[in-house]
Amino acid sequence: MRKYVFVVGGVMSGVGKGVASSSIARILKDGGYRVTAVKIDPYVNVDAGTMNPTEHGEVFVLDDGTECDQDMGNYERFLHTNLSGYNYMTTGSVYLSVIQKERNLEYHGKCVEVVPHVPLAVLDTINGALKHTKSEIVVVEIGGTIGEYQNLIFLEAVRMLKQKHPDDVALVLVSYLPLLNKDNELKTKPTQYAVRTLNSAGLQPDIILARSAQSIDDKRKEKIAFNCNIPKHSVVAAPDVKNIYEIPVNLRKGKIDMLLLKKLGLRKRENASAQWRKFALSLDGVQKTVRIGIVGKYFSSGSFVLADSYRSVIEALRHAAHQEKIKLELDWIDSEQVQKKPSLIGQYDGILVPGGFGARGIEGKIKAIEYARTHKIPYFGLCYGMQLAVVEFTRNVVGLKKAHTTEADPKTPYPVIAVLPEQKEYLALKKYGATMRLGGYPAVLQKNTIAREAYGKPNIRERHRHRYEVNPDYLKVLADAGLVISGISPSQELAEIIELPRTVHPFFVGTQFHPELTSRPLEPHPLFCAFMKAAKRESL
Ligand code: GLN
């Protein structure tokens with residue numbers, strides 16, 4: 001059995017199409033089906049690895065090393081599963097596969113055309129995801145909006161599939177209804193235009209998800225139904241919610257599960273939604289507040305603050321806060337501000353420095369780490385946040401004042417963070433795409449450490465995305481000065497987790513990998529929970 005749910009966006013992007021798609025996938029899974037998800041990014045970039053996070057949001061990394069859109073994180077979190085490169089495609093990756101096939105004579109001398117060959121390659125990838133994950137239903141999100149030129153080949157793929165298998169394909173349009181203050185009315189005309197645009201691509205939506213600030217009323221539903229040619233009950237309300245995990249609960253209220261299953265000729269096999277519902281609805285009920293400061297630099301775009309660059313970090317903190325029954329208060333601290341005034345750090349119960357690249361803003365981050373270390377404020381460093389903690393420790397505890405990462409200062413006399421030899425080659429050849437240390441790698445944990453206690457087991461596997469490492473030549477110097485290498489690669493060469501003993505600091509931990517990528521709502525990451533516990537003690 002192969003069933004397809006396509007989710008497209010009308011009117012404008014950024015209205016939660018990814019979360020809506022993840023929620024649909026979750027709802028179908030809770031209905032007893034094996035479900036997977038595919039994200040299509042319309043960019044020509046072959047993957048998201050070469051995109052700036054302030055422009056595109058967080059670069060999410062899968063266990064197999066695929067660098068992809070942050071929505072993939074939502075799919076993994078909502079489906080509680082690991083996805084792979086089969087679940088992600090871009091315009092660039094599709095064209096690359098077609099061109100490679102052509103070079104390999106796999107079109108047997110035919111003239112290769114944009115249509116049908118590119119849409120056929122799109123469908124091949126989608127079917128590959130179904131096959132690889134042994135799923136029965138795939139939810140495919142087409143990024144951006146339908147009016148965009150670059151989405152034509154993807155819409156054409158949907159049309160071709162629908163034409164051949166009309167009973168196996170459902171099309172959901174996520175459309176935003178602006179609210180005009182003047183008369184407090186949700187406006188439906190943009191949605192009507194969006195449906196016309198879909199019609200001109202030979203497609204008609206089966207369901208319209210009406211995204212809006214408030215729930216859509218009956219009158220507006222009727223208007224959309226009449227003008228867009230669909231039954232009124234197929235217009236499903238999707239108002240703003242306090243937390244994204246409520247969305248599956250809300251959509252189910254609009255009976256989207258029944259609508260989709262009916263369209264696909266299926267029946268509900270079971271109703272396993274209770275666990276999710278309980279989690280989602282208990283998120284806002286706690287009193288105790290813990291203040292966490294995130295020190296970073298990918299926050300601002302013009303006059304907007306874009307927390308999207310750190311989506312998974314925020315979600316992982318929320319999962320752990322829920323487990324520890326804490327109300328989380330998150331503050332964004334611009335690293336350049338901390339450099340001027342390190343005492344800014346003093347007001348927080350915990351400080352987190354997430355991943356990052358380049359030299360800008362890092363002296364501020366190092367100052368923040370120093371303040372957290374010397375004032376015993378719980379500190380959690382992720383990737384760059386771990387590397388900079390090692391730099392800080394080398395400078396201020398070991399006493400090598402000019403220590404640095406060669407990423408920021410290639411000529412430092414004490415390169416405590418440096419690139420491995422194979423990375424040097426990539427950089428010399430300008431091979432930047434997909435060449436970092438990427439994806440899941442194993443690590444071994446040392447006994448009697450915060451890390452080992454948190455995980456409760458000696459062997460772990462975690463996801464990476466970095467070029468630089470703690471320089472193996474410095475491991476002994478660091479250990480002699482009191483830094484504990486609590487997680488190490490099986491070869492005993494690469495530091496994976498560093499920490500300070502509890503006798504010295506309540507919680508000072510850094511990971512070379514990205515634990516935020518594998519935290520799940522119903523299974524928060526153990527290190528995030530340990531950090532949250534320490535911050536909670538701090539706030540007492
Ligand atoms: N810039 C650092 C490196 O490449 C850290 C990367 C990250 O934080 N993801 O090693």
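Observations on the model:
- Whole-Hz Karplus values for the range 485-499 come out as 8, 8, x, 9, 5, x, 6, 6, 9, 9, 6, 9, 9, 10, 7 Hz, taken residue by residue from phi with 6.51 cos²θ - 1.76 cosθ + 1.60 and θ = phi - 60°; glycine and proline positions read x.
- Karplus 3J(HN,Hα) series, Hz, for the range 223-234 with 6.51 cos²θ - 1.76 cosθ + 1.60 (x for Gly, Pro): 4, 5, 4, 4, 7, 9, 6, 9, x, 4, 5, 8
- Reported to the nearest whole Å, the Cα centre-to-centre distance from the range 41-92 to the range 376-445 is 24.
- Calculated P(r) tail over 16 Å for the range 459-519, as whole % of Cα pairs: 47
- Whether the range 403-476 is rounded, prolate or oblate, judged on the alpha carbon gyration tensor where a/c under 1.5 counts as rounded: oblate
- Per-residue 3J(HN,Hα) values for the range 93-109, derived from phi via the Karplus relation 6.51 cos²θ - 1.76 cosθ + 1.60 with θ = phi - 60°, read 5, 5, 4, 4, 5, 5, 5, 5, 4, 5, 4, 8, 6, 7, 9, 6, x Hz in sequence order (x marks Gly and Pro).
- When Glu336, Glu523 are compared by accessible area of protein heavy atoms, the largest-first order is Glu523, Glu336, using a 1.4 Å probe.
- Relative to its residue count, the chain spans a Cα convex hull of 163 Å³ per residue.
- Overall Cα dimensions of the range 191-320, principal axis frame, Å, largest first: 49, 43, 26
- Between the helical axis of 189-200 and the longest alpha-carbon principal axis of the chain there is an angle of about 70 degrees.
- The chain: relative contact order as a whole-number percent, Cα under 8 Å and 6+ apart: 15
- Gyration tensor verdict on the range 337-467 (Cα atoms; rounded if a/c is under 1.5, prolate if a/b is larger than b/c, oblate otherwise): oblate
- What the range 465-540 shows is 35 Å² of accessible area per residue, with the surface traced by a 1.4 Å probe over protein heavy atoms.
- Taking the C-alpha atoms of the range 5-128, convex hull volume expressed per residue in Å³: 124
- Carbon and sulfur %, accessible surface of the chain computed with the full protein complex present, 1.4 Å: 51
The values are calculated or read from the model by the stated rules, or taken from the named source; none is laboratory data. This structure is a prediction, so every number in the text was calculated from the model and none was measured. For accessibility, only protein heavy atoms count, side chains too; no ligands or nucleic acids. Shrake-Rupley method; radii C 1.70, N 1.55, O 1.52, S 1.80 Å.
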